[in-house]
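To start, the structure under review is shown below, and the notes come after it.
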Amino acid sequence: MQPHVIDLRQSDDARDVVHRAVQALAEGRAVGFPTETDYVIAAAARHPAAIERLIPLVAQRPGEPLLSLGVKSVAEALDWAPRLSPLGQRIARRCWPGPVAIVVPDDHPESLVHRLAAVARRGLAGEGHLRLRVPGHPMLGDCMRMLAGPVVLAEPGSAEQPPAVTAEDLIERSHAGLDLVIDDGRARYAQPVSVVEVGPHDFRVLRPGIVSAETIRRLSSVMVLFVCTGNTCRSPMAEALFRQMVADRLGCRPDEIDAHGVIVGSAGVAAWAGGRASTGALETMADFGIDLSGHEGQPLTEPLVRQADVIWTMTAAHRAALLAQFPEAGDRVAVLSPDRIDVVDPIGGPLETYRTCARQIHAHLQSRIDTLGLPPGRSQG
């Protein structure tokens, strides 16, 4: 029996397609969806019979469960994988929604997996692991947000086959396991999703895909952002001093810390792009053996805030201004001083004020650096 196919490209109202797909899932039917990389079959996790139909359609791969769990965000992923490491959370936050699936150990007693029916646990937690994915196609994302409860995703076919990149591919591999298919033409990337197993301090690629290991390595870095007003004095000095401190700790040059998994930047809540460091900041950093002449100011932007793991502001007012614009960053923003004491503003003051400011920053950085958990095993260039 052939599934009912809805051509999304011919639909007058995508919202109607979403409602029909959600209703099908809620009724325990299996629905085929496009993602940015391939086509998958989705079923509501609270319908064991629907999941039972998916399991025979997929191949067992070493170290991976048969099925993926579709989640909406990193926050939701933590309900299913409470031990997802900071490294795993960094990869997830920077890759989701998108073509990366993350495999984590299924070893936490508080995971919501234990509340699922036995057949769902067997499909999702096989091989002692969970595979989490936030597909980037808006149709599946909209359906997941409207559906009560989690969604299980299946990639039908053998381990040797390329991904199903069209609705026709999906139907051919479903063996009558589908009730409804949303057809949006050939998948945007038409390449395999990258499957990455993450641990406490490192990752390994289980299945190569569109996102390379090198890119994932870069995305797994710890990113620290310093914020002041104009990005000409305090935050550039903090960036430069911290870069030197990290390099000393990792045993490399300051310009090599990116390759060791640490990215440092600075920005201003009222900065303009390309602004140069002030003369006082240049002279003060020269006292530390640091050349700040190449600094170019940048305004605080949504991408910078979203990518940063830690954001340290020079004053409480900077923190308040940042959170007023980006409230979702609240758990990653703090005043640089652990005691929430504002760093003195040296702008327009004598050189000694700049030096006082730099000494303050340096002391605060010394008390903060151990909170980052810098990557072990990379300390020797």
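The values are calculated or read from the model by the stated rules, or taken from the named source; none is laboratory data. Bear in mind the structure is a predicted one, so any value in this text is a computation, not a measurement. Note that we place each Cβ from the backbone using ideal geometry, even for glycine, and neighbour counts take in every protein chain shown.
Of note:
- Region 28-44 residues that are assigned by TED's automatic domain parsing to the domain that holds residue 97 and closer than 12 Å to residue 169 by Cα, paired with ones that are hydroxyl-bearing (Ser, Thr, Tyr) and surrounded by fewer than 24 Cβ atoms within 10 Å (Cβ to Cβ) (beta carbon under 9 Å, 6 or more apart): 34/166; 38/189; 39/166
- Cross-chain or 6+ apart pairs with Cβ under 6 Å, region 251-280 first and assigned by TED's automatic domain parsing to the domain that holds residue 326 and within 22 Å of residue 335 (Cβ to Cβ), then surrounded by 20 or more Cβ atoms within 10 Å (Cβ to Cβ) and basic (Lys, Arg): 264/243
- The conditions of being within 28 Å of residue 97 (Cα to Cα) and outside any strand (DSSP E or B) are not met by residue 236.
- Cβ pairs under 6 Å, 6+ apart, first in region 292-318 and farther than 16 Å from residue 221 by Cβ, second in a loop (DSSP other than H, G, I, E, B) and among the small types (Gly, Ala, Ser): 292/277; 295/277; 296/274; 297/271; 297/275; 298/273; 299/271
- Meeting the requirement of 1 or more residues that are surrounded by fewer than 21 Cβ atoms within 10 Å (Cβ to Cβ), touching a residue at least 24 places away in the same chain (Cβ under 8 Å) and under 23 Å from the mean Cα position of the chain (by Cα), the strands (runs of 3 or more DSSP E) wholly within region 67-173 are 100-105, 129-133.
- Hits in region 88-121 (condition: out of contact with any Leu (no Cβ under 8 Å at 6 or more places or on another chain) and charged (D, E, K, R)): 93, 107, 110, 115, 121
- Only one entry in 204, 186 is in the same structural domain as residue 10 (by TED's automatic domain parsing), closer than 20 Å to residue 102 by Cα, of a type in the set (D, E, K, R) and free of Cβ contacts under 8 Å to residues at least 40 places away in the same chain, namely 204.
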